[in-house]
Amino acid sequence: MKKVFMIACASILAMSQAAHAEFQKVESQSAFVSAIEGKKLRRPLVELSVTSTGGISGTGAIWEISGNWTWKDGFFCRSLEWGGDDLGYNCQEVTLNGEKIRFTSDKGFGQSADFSLR
């Protein structure tokens with residue numbers, strides 16, 4: 001059921017994303033921390049807290065999300081669990097556009113997810 005939900009969310013996201021040109025790449029851990037510190041990352045049915053010390057927590061749909069992150073070679077690298085399922089380790093490109101943050105998996109070559117910073 002969770003996989004069907006994720007595929008549906010990814011499809012909706014792909015259809016509704018703004019142009020990539022508006023987003024600027026986050027080049028450093030300090031710039032990333034500055035962008036997320038004290039804010040929640042939100043998108044439909046998802047709310048995350050990403051701490052400056054490497055923690056990730058929140059909910060996706062009704063399931064708990066937890067994990068850890070590090071900054072490595074210009075990428076946000078995270079291990080994540082969602083509702084007890086291990087989503088694994090992935091290094092992601094991070095870009096910003098005002099109060100929007102985009103994570104693109106596989107070092108910028110995979111799927112993207114946009115969040116509002118609030």
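Out of everything in the range 62-78 that is under 20 Å from L45 (Cα atoms) and at pLDDT 95 or above, what residue ends up being surrounded by the fewest Cβ atoms within 10 Å (Cβ to Cβ)?
Per the stated criteria, the residue is E64.
Of all residues in the range 82-118 being out of contact with any helix residue (DSSP H, G or I) (no Cβ under 9 Å at 6 or more places or on another chain) and touching a residue at least 40 places away in the same chain (Cβ under 8 Å), which is surrounded by the fewest Cβ atoms within 10 Å (Cβ to Cβ)?
My answer is R118.
For the range 22-76: of the residues being outside any strand (DSSP E or B) and touching a residue at least 60 places away in the same chain (Cβ under 8 Å), which is farthest from T104 (Cα to Cα)?
Residue satisfying both the conditions and the ranking: K39.
So, in the range 91-106, exactly how many residues are in a strand (DSSP E or B), over 11 Å from the mean Cα position of the chain (by Cα) and within 13 Å of S34 (Cα to Cα)?
1
Residue-wise test of (1) under 19 Å from C91 (Cβ atoms); (2) hydroxyl-bearing (S, T, Y); (3) modelled with pLDDT under 95.
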site	(1), (2), (3)
C9	no, no, yes
L13	no, no, yes
F23	yes, no, no
V33	yes, no, no
I36	yes, no, no
T51	yes, yes, no
G54	yes, no, no
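The values are calculated or read from the model by the stated rules, or taken from the named source; none is laboratory data. Bear in mind the structure is a predicted one, so any value in this text is a computation, not a measurement. Glycine also receives a Cβ, built like all others from the backbone with ideal geometry; neighbour counts cover every protein chain displayed.
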